[in-house]
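Below you'll find the structure, written out as structure tokens, and then a few comments.
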Amino acid sequence: MTKTVLGIIGGSGLYGLPGLENKRSEWMETPWGRPSDELQFGELNGLQLVFLPRHGRGHKVPPSNINFRANIDALKRAGVTDLVSISACGSFREDLAPGTFVLVDQFIDRTFAREKSFFGPGCVAHVSMADPVSPGLADQIDAALKAEDIPYVRGGTYLVMEGPQFSTRAESELYRAWGCDVIGMTNMPEAKLAREAEICYATVAMVTDYDCWHDDHANVDVAEVIRILKANAETAQNLVGRLARIMPRQHPPCPIGSDRALDVAIITPPEARDPKILAKLDAVAGRVLKV
């Protein structure tokens, strides 16, 4: 079995993790450019952990400018086996009030200005995204949420919009009619790239607002969002600490094969693959490409 290394991507409001032991920070160079910030390495409750702030420390990188490929490649190079995205979001449901955590299990990707795959001309691959969240990892997060007595809902669809502007009211009502539960700007193509990199992935969406559909909360107020973010960030840190305590130290096989997603995904035969793109895929797909 492979040793478990827990990766945490911190979204808005979560730019560090207190309590890390043997802590060090390092810039990871990747074939796709630099990630959002330095990776922070350490141990938390005896588990090896790698933390990356998605927007950079100081929140300097807007959603559409995040180098998602560099972020996931860097985490793969760091040995991450299980990746938890902790993200702020808006709610489409009355019962998902600000302060509630949602353990998302589905996504609708409405982004259009982002690179969405490590693969392309010279080496084509198609991974399955039917179940974008790794259920074994989600079970561990579920147990940690319960243990910390954090208000949460398991299951939900996350609509990923391009941003950086918030929704129009018409868009908000459309997404509600589609049956979406929460909305944010960052978890796609992140989840797709994690699957291509064979990293087990899950999202904890932290509700900060009601988007703009709610009669009593007609506009998203950034000041109010920041207030909720600060409260959510402390809760999220407690969640990560508990998760690090209960995660298995040896990484078990993913029930849906997230950790072997490339076994049946690459369609370009070996003799037709471009060596230039293969060199860029050394970390992400080296297991199957033998790079």
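Bear in mind that the values in this text are calculations on the coordinates, not laboratory data. As the structure is a prediction and not an experimental result, all values here were calculated from the model. Quick reminder, even Gly has a Cβ in these numbers, built from the backbone with ideal geometry, and neighbours come from all protein chains shown.
Tabulated data
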read-out	value
Reachable lysines from residue 276, criterion Cα separation under 17 angstrom, eight or more residues apart if same chain	290
Coil-residue trypsin sites (Lys or Arg not before Pro) of the stretch 204-273, DSSP, other Cβ within 10 Å capped at 14	249
DSSP bridge pairs, the stretch 86-164: antiparallel proportion in percent, nearest 5	10 percent
Loop sites in the stretch 1-102: trypsin sites (Lys or Arg not before Pro), DSSP, at most 10 other Cβ within 10 Å	none
Virtual spin-label span in nm between residue 112 and residue 279, 7 Å along Cα→Cβ	3.5 nm
Longest site-free stretch - the chain; sites: chymotrypsin sites (Phe, Trp or Tyr not before Pro), DSSP loop, at most 12 other Cβ within 10 Å	179-291
Modelled FRET efficiency - R0 25 Å, residue 214 with residue 162, Cβ distances, 0.05 increments	0.70
Prolate/oblate/rounded label for the stretch 34-100 (Cα gyration tensor, a/c 1.5)	oblate
Qualifying aspartates and glutamates (Cα of each under 14 Å from Cα of residue 60; at least 8 residues distant if same chain)	37, 38
Residue-averaged 222 nm ellipticity for the chain, from DSSP H runs of 4+ at -39500 (n - 2.57), nearest 500	-7500 deg cm²/dmol
Antiparallel bridge percentage (DSSP; both residues within the stretch 2-289; nearest 5)	40 percent
Relative contact order (%) - the chain, alpha-carbon pairs under 8 angstrom, separation at least six	26 percent
Cα-projected label distance for residue 128 with residue 174, points at 7 Å along beta-carbon direction, nm	3.1 nm
Whole-Å distance, taken between Cα centres, linking the stretch 247-272 and the stretch 102-176	20 Å
GNM top mover of 231, 265, 130 - the chain, alpha-carbon springs below 10 Å	130
Residue-wise HN-Hα coupling along the stretch 164-177, computed from phi with Karplus coefficients 6.51, -1.76, 1.60 (Hz; x: Gly, Pro)	x, 6, 6, 5, 6, 5, 5, 5, 4, 5, 4, 5, 5, 5
Interchain or long-range residues, amide H under 5 Å from residue 85's placed H	9, 202, 203, 204
Selection of GluC sites (Glu not before Pro), the stretch 37-124, meeting DSSP coil and at most 13 other Cβ within 10 Å	94, 115
Long-range amide H partners of residue 210 with built H, under 5 Å	91
